[in-house]
Structure formats: C-alpha cells, structure tokens
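The values are calculated or read from the model by the stated rules, or taken from the named source; none is laboratory data. Predicted model only: the values in this text are computed from it and were never measured. With ideal geometry, Cβ positions are generated from the backbone for all residues, glycine too; neighbour counts draw on all protein chains shown. Quick note on the areas: whole protein, heavy atoms, side chains included, nothing else; ligands and nucleic acids left out. Shrake-Rupley method; radii C 1.70, N 1.55, O 1.52, S 1.80 Å.
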Amino acid sequence: MFTRAAYTTATRAAFRAPTFAQARNASTQAANGAFGADRKAAAAWFAKAAAGSAILGYGISNYVVTDDRLAPVTKAVAESMTALQKKAAEYGIEMPFTVAHAFSTADHGLHPPHYPWDHFKPWKTYDHASIRRGFQVYKEVCSACHSMEYIHYRNLVGVSHTESEAKELAAEYEYEDGPNDKGEMFMRPGKLTDPMPSPYPNEEAARAANGGAYPPDLSCIARARHGEEDYIFALLLGYCDPPAGVNVREGLHYNPYFPGGAIAMARAIYDEVVEYEDGTPNNASQLAKDVSTFLSWASYPEHDERKKMGLKTLAISAMLLGLSVWWKRFKWSYIKTRKIVYKPGKFDEV
Ligand code: HEC
C-alpha cells in the first residue's frame, strides 16, 4: 500500500547524494578505466608497459645510442660548455657548472683501512697515555718540520700532562715578548699560554727547507684529511717501493696513501726512534698509533666531554620519554574512555 512513509523513503533514496564510499569507488573506477576495467587489468597493463620500456631502453642504449656515436656529441657538448664557461669568466660571471676531469684511484690516494681505535667505541674516551706518548713522538720527530700553532701548553694540562710538567715543557723554549719599558722586544722562557714552537719563521722558509713542499700545520690535520687518524697512521707507515712503471721525481717519496702517490715528506717513523718513558714497546706501528691518537685529540679536544654529554643526554631523554608516555596516557584517559551517544533530533523522527 502506498503510504506516506513509504513515499518518503523512496524519494529520499532516489535523491540522496552519493555516500563518500560510493563517490570514492566511482573515482577509482574512472582512474582505473584508462588502463583496464579493474585492478587486475590495470596491474597487467603497467607490468607490460614496464617490461616493454625496459626492453626498448636496453635496445636503444646498446644498438642506437652507442658509445661510438655518443662520443662526438659529448665532446661537442663539453667543448661548448667549456667555451661558455670561459666566455662568462671573461665577463666575471661564474657558471653553476664546472668542467669535469678524469681521475684515477692513484690521484686520490689509496683508501686507508679502518683501524680499531679505542676512542671510536661509543662509550670510550681517548687513550690518554697514548696521547702523552704521541705528544712525545710529535715533539721529538714531527716538530722538526711541522708546527702546531693552535695547540698551547695549557691545552696539555689535565689531558696528557700535569700543570707543572706542562710548565716545564713550555720553559724549554724561548719566546719573543715585549716591548719592555725601553720599547725593546726581549726573549723569555715559554709559559703555559704559549703555542707549540714553530720550526720555521714563515711558510717560505718552510718551503725552502723542504724542496718546495709546505709541511702543513698539524693542529687540525685529522679534521683536514679524509680518513682522519686512519689516514695519518696509514700514511706514516705506508712508504714502500714504487710499483713497476711508476717514476717518482727526485726528492719525492712513493706512498700509495698520499693523493698522487708521491709525497715530499720522507718516512719519519722507524722502530725505536723515540724512547718511551713508560716502557711501552717503541716499534714503528706503536709510535705511529700514538702520534695519530695525539693528532686526533688535537683536532677534537672536546671529544671526551662530548661523549659524556651525549650519554647523559640519552639517559635523561630516556627518562623524559617514559614520563611523557605516562603523562600522555594520563591526559588522554578521559577522552579515550568517554562514551559518545547520538540523540536523534525532532526532525529525524518524521
Ligand atoms: C723532514 C721534515 C718532516 C718531518 C720530520 C715530518 N714531516 Fe710530515 N710533512 C713534511 C712535508 C714537507 C710535508 C708536505 C708533503 C707534500 O705536500 O708532498 C708533510 C706532510 C705531512 C702530512 C700531510 C699529508 C697530506 O695529506 O697532505 C701529515 C699528516 C704529516 N706530514 C704528518 C707528519 C707526522 C705525524 C710526522 C711525525 C711523525 C711528520 N709528518 C714528520 C715534512 C716532514
């Protein structure tokens, strides 16, 4: 029987806007429709397209755009880029691209192996006895050619030496100071605030004494080289005869770890060149290890403190994380446990 209620339901059903789910299905179908009637057909379409373009790409790269055919094109492009760069440079404009150069592994140096340094472990400090021995190696061997102008005697206090030891070390050298009340410069024994003495008065003198090569300042050398202490250790012990066919210029020495292979520094570390006061065996690898540790400390003097702060931060954050999980549950508890009831209004009851 045609009742008023049945009429209302029927018209409502006919004119009701599509639900969200219906709308979504419709748009999915429309999107799929372009590639196939359903999901399966669309997936098959994509699989065929991928396989087809892979085979086509392989064919084109192997038989059409061959290296031989490409070479003149890349050469022409590279030449015009270089010309453009040069022209732009004439007008003082710097181009955002640089010209690539071919390189070989020898140009970049042999990659040093990774050694198991104690201080690489996340919870370990530097081996301070090793820093102390390394300083002795630096002082007795390396300081003949290398300066360390950013390391002062005061930096050694509490790290490798006591205050009185550091004062004694500083007083071994004379430093220029002044002017005094007559306006003259004078010499005085070193103090804790003085830097390590430089072997040469300036870079030119250093180059003149080393066949034109400049022995770099070692204060930050670990930071300044790829491989850091691994590199320094490998470099110090890496000297060997050049392989057949490699000619090393007079005054240079073959070392595969040095970029280019020929270094102006002669081998400096040999067995027993330094006598350790603590009785540690003084073979070449021990000396190299100690001086590398010392140079690493010089580059990262904050290392021990940083690790300690890191561990503290982790411990405190772990505690705070636990607290905040508890706090969140506490704050959200009444939202999570409340009951929402829908109470129909008057209109819906028609
Ligand atoms: C006889 C002088 C002399 C002594 C001693 C010496 N060096 Fe050198 N060192 C040089 C010269 C010169 C260079 C620059 C080499 C070059 O550029 O070809 C150099 C370069 C270096 C480099 C940089 C290499 C690079 O990648 O650029 C390091 C690191 C180094 N020396 C460490 C040491 C250590 C550590 C000692 C002590 C065990 C030491 N040197 C002893 C002369 C010396």
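Ignoring ligands, DNA and RNA, what percent of the accessible area of the chain is carbon or sulfur (1.4 Å)? Carbon and sulfur together cover 61 percent of it.
For the chain, the Cβ-based charge dipole about the Cα centre amounts to some 4520 debye (Lys, Arg positive; Asp, Glu negative; other atoms uncharged). Between 259, 96, 216, the GNM of the chain built on Cα springs shorter than 10 angstrom shows 96 fluctuating the most. Once you divide the Cα radius of gyration of region 82-171 by 2.2 N^0.38 Å, the number left is 1.90.
Put a dot 7 Å past the Cα of residue 42, heading toward its Cβ, do the same for residue 73, and the two dots end up 3.6 nm apart.
For the options 270, 334, 153, a Gaussian network treatment of the chain with springs between C-alpha atoms closer than 10 Å singles out 334 as fluctuating the most. Across the options 135, 330, 120, the greatest Cα extent toward the positive end of the charge dipole of the chain (unit charges at beta carbon of Lys, Arg, Asp, Glu) belongs to 330.
In the chain, the sites counted are GluC sites (Glu not before Pro) in DSSP loop states with at most 16 other Cβ atoms within 10 Å, and the longest stretch holding none of them, exclusive of the sites, is 1-93.
Taking N as the residue count of region 231-312, its C-alpha radius of gyration divided by 2.2 N^0.38 Å amounts to 1.43. When 81, 187, 265 are compared by accessible area at a 1.4 angstrom probe, the order from most to least is 187, 81, 265. Projecting the Cα positions of 282, 238, 58 onto the charge dipole of the chain (unit charges on Cβ atoms of Lys, Arg, Asp and Glu, taken about the Cα centre) puts 58 furthest along the positive direction. Computed per residue of the chain from DSSP H runs no shorter than four, each worth -39500 (n - 2.57), the mean residue ellipticity at 222 nm is -16000 deg cm²/dmol. Taken about its Cα centre, region 134-268 carries a charge dipole of roughly 320 debye when the Cβ of each Lys and Arg holds +1 and the Cβ of each Asp and Glu holds -1.
Our estimate of slack between residue 60 and residue 323, defined as 0.36 nm per intervening residue step minus the Cα-Cα distance, is 88.6 nm.
Could you work out the Rg to Rh ratio of the chain, with Rh taken as the Kirkwood radius (inverse of the mean 1/r over all Cα pairs)? Looking at the chain, the ratio lands at 1.26. Multiplying each eigenvalue of the alpha-carbon gyration tensor of region 43-94 by 5 and taking the square root yields semi-axes of 39, 16, 4 Å, largest first, rounded to whole angstroms. Between 345, 84, 42, the Cα set farthest toward the positive side of the dipole of the chain (charges on each charged residue's Cβ, about the Cα centre) is that of 345.
Hydrodynamic analysis of region 106-303 uses the Kirkwood radius over alpha carbon pairs. Inserted into Stokes-Einstein at 25 °C and 0.890 mPa s, it gives a translational diffusion coefficient of 135 µm²/s. Once the 1.4 Å probe is applied to the protein heavy atoms, the chain comes out at 71 Å² accessible per residue.
Note on surface exposure: 225, 188 rank 225, 188 by accessible area, highest first, 1.4 Å probe.
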